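Please treat every number below as a calculation from the coordinates, not as lab data. The structure presented is a predicted model; accordingly, all values stated were derived computationally and were not measured. Every residue, glycine as well, gets a Cβ built from its backbone with ideal geometry; the counts of neighbours run over all protein chains shown.
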Amino acid sequence: MRTKVLSSLALGVLAVAAMGALAAPAAPPAGSITGTVTYTGTPPKMKPIDMAKEPTCAKQHPTPVMTENVVTGPNNSLQYVVVYISAGDQAGPAATATVRYDQKGCEYVPHVAVMEAGQPLEIYNNDQTAHNIHPLAKVNPEWNKSQPPGSPPIQAKYDKPEFIPVKCNIHPWMHGYFVVLGTQNYSVTGNDGTFSLKGLPPGKYTVTAWQEKFGTQSQEVTVTGTGATKADFVFKALPY
Amino acid sequence: MSMRTAGLWCSASLGLLLVAFAAPPAGAQETVVGSVHGNASAGKEHYRRFCVGCHGQAGDGQGENAAWISPKPRDFTAAVFECRSTPTGTLPTDEDLYNSVTRGFVTTNMPPWLPLTQQTRVDAIAYIKTFSPRWKTEKPGTPIVIPPETPADIASILRGRDVFQKMQCWQCHGPAGHGDGPASSTLVDSKGDPIRPYNFSTGTRFKCGTTNRDIYRDFMTGLDGTPMPSFADNITPNEAWDLVHFLRTLQPEVKSPELVVWEAWMPTHASELKPLGPDAGQ
């Protein structure tokens with residue numbers, strides 16, 4: 001008898017909760033900005049990396065790893081371009097998910113790690129060799145930490161937006177970027193050069209694309225409805 | 001006579017006036033070393049006389065001598081300093097800067113400034129701190145804790161040798177500490193200028209001091225702005241002392257107690273040692 005009362009009570013509570021959820025103000029209509037990043041001209045050729053000095057890494061790569069400063073794809077697309085909302089963004093709660101950065105086979109994975117200012121970052125060494133993580137920050141403090149094989153991940157965070165080159169002094173070919181932004185609304189282009197910025201309420205936005213060799217480009221984009229607004233970027237590539 | 005006295009009085013009061021207006025810029029951190037308080041405006045005069053030739057008027061390390069100097073003079077606008085008692089990525093204490101100015105940097109063009117009075121050196125530091133806004137927004141790091149030194153016996157030296165291998169110090173400093181490791185030829189500082197790893201076999205002094213505590217501090221704080229990282233996350237205090245004791249055995253020029261222990265042990269035990277470096281296997 002008592003159990004029955006309790007269960008109907010619980011049911012009632014559940015029902016109220018469900019109704020509450022339904023009655024909550026619907027999220028404002030949100031559109032998106034999508035596009036492709038391409039280049040014109042002749043981009044520099046990426047070079048094979050000689051890892052002979054680090055046999056434990058060299059043996060992980062049957063074919064030589066190429067440098068990643070300018071990675072191109074089909075139809076002149078550009079990979080690893082960070083596209084983000086640089087103005088017009090609504091400030092939301094800070095990002096709390098941990099960004100993971102790996103050192104694997106004496107390479108940085110991903111080549112470009114994007115994070116919001118203040119977002120936690122974890123750096124892992126998956127290799128059988130020691131690395132030193134040396135992010136060459138200028139706006140944020142510059143630090144340099146060793147990470148021998150088997151050590152726990154290094155915890156870090158950056159408080160100010162900045163494009164920070166990352167290097168390992170022991171393995172000079174290792175080169176990556178920490179891109180610290182003042183927004184959570186960003187997208188890194190894949191090999192086809194496409195990006196997509198989602199969840200944007202109608203309004204005017206400044207969209208910026210950053211490529212480590214070719215710099216930044218911005219354009220104003222107005223999002224009107226719930227559809228996708230197109231915004232393409234074209235970088236002028238120089239061979240050097 | 002009276003004219004002279006009047007003149008003296010005039011310049012004296014002018015001096016007082018100058019001192020009154022010479023307060024450090026608002027918001028800047030106060031500079032204190034022991035009981036000596038630094039004055040940035042007074043320091044500017046000293047800087048212009050003693051430091052500007054290399055470090056430049058703007059403190060950016062672009063003084064007129066800079067082109068002929070390697071490693072390059074410190075760029076104070078970046079506020080990144082090698083010799084600190086504070087963790088990597090943090091500002092040094094006033095005392096750290098004072099010690100650096102006083103000691104100079106062996107193997108560089110920075111001489112010891114011991115002949116300058118204590119006040120002059122502290123004033124110069126107060127002025128150096130005006131070149132970067134970091135000194136207004138950040139506090140110096142908390143100095144690392146260095147526990148009392150452990151006994152420098154052969155067991156400690158041998159454990160330190162294992163740490164040297166495990167931390168791969170040889171990647172830059174070479175298996176014998178000659179500064180000729182596999183990565184040594186490619187090293188650059190944070191500005192992209194070539195820099196050499198320390199050669200223990202020819203060096204008697206270290207960049208950031210000469211004592212065992214100074215060596216301990218070097219690898220637990222890292223030398224910011226150079227390829228030398230901090231090992232604070234990877235080496236325990238006991239291991240750190242072991243490593244210090246081993247590093248002393250790489251310095252034949254310094255007849256340290258560690259070297260005496262090592263040289264007494266070696267003739268009968270050399271064959272027990274595993275090789276160091278890339279050939280030792282991981």
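Could you pull out every Cys in chain A that lacks a partner Cys with its beta carbon under 4.7 Å away? So far as the 4.7 Å Cβ criterion goes, A:C168 stand without a partner in chain A. Relative to the dominant Cα principal axis of chain A, helix A:2-23 is inclined by about 60°.
Give a quick list of trypsin sites (Lys or Arg not before Pro) in segment A:161-240 that DSSP marks as loop, anything other than H, G, I, E or B, with at most 14 other Cβ atoms within 10 Å. Don't jump to the answer; show the numbers that get you there.
Working: sites: A:K167, A:K198, A:K204, A:K213, A:K230, A:K236; in loops: A:K213.
Sites meeting the loop and neighbour criteria: A:K213.
For segment A:93-240, a crude dipole built from +1 on the beta carbon of Lys and Arg and -1 on the beta carbon of Asp and Glu, taken about the Cα centre, is about 160 debye to the nearest 20. Considering only alpha-carbon pairs that sit under 8 angstrom and 6 or more positions apart, the relative contact order computed for chain B is 18 percent. Placing pseudo-labels 7 Å out from each Cα toward the beta carbon at A:A228 and B:S201 gives an inter-label distance of 6.3 nm. Between helix B:212-221 and chain B there is an angle of about 90 degrees, using the helix long axis and the longest principal axis of the Cα atoms. Each Cα pair under 8 Å and six or more residues apart adds its separation to the average, and for segment A:30-237 the resulting relative contact order is 33 percent.
Of all DSSP bridge pairs formed entirely within segment A:66-157, close to 70 percent run antiparallel.
Under a Cβ-only charge scheme (Lys and Arg +1, Asp and Glu -1), can you give me the dipole magnitude of the protein assembly as shown about the Cα centre, in debye to the nearest 20?
Values: 43 positive and 44 negative charges, 166 e Å.
The calculated dipole for the protein assembly as shown is roughly 800 debye.
Think of the protein assembly as shown as having a plus end and a minus end, set by charges on the Cβ of Lys, Arg, Asp and Glu; of A:T42, B:C54, A:P202, A:P202 sits farthest toward the positive end of this dipole. The tail of the calculated P(r) for chain B beyond 26 Å holds 50 percent of all Cα-Cα pairs. If the limit is 23 Å between Cα atoms, which of A:K45/A:K157; A:K47/A:K160; A:K104/A:K145 go over it? Exceeds cut-off: A:K45/A:K157; A:K47/A:K160.
Along the charge dipole of chain A, Cβ charges K/R +1 and D/E -1, which of A:P152, A:G225, A:L136 sits furthest on the positive end? Of A:P152, A:G225, A:L136, it is A:G225. Each residue of segment A:30-237 gets 119 Å³ once the volume of the Cα convex hull is shared out per residue. Taking every DSSP helix (H) stretch of at least 4 residues in chain A, weighting each as -39,500 (n - 2.57) and dividing the sum by the residue count yields a mean residue ellipticity at 222 nm of -3500 deg cm²/dmol.
So what is the calculated 222 nm ellipticity per residue for chain B, using -39500 (n - 2.57) for each DSSP H run with n of 4 or more, over all residues, to the nearest 500 deg cm²/dmol?
Working: 11 runs with 108 residues, N = 282.
Dividing the helical sum by the residues of chain B leaves -11000 deg cm²/dmol.
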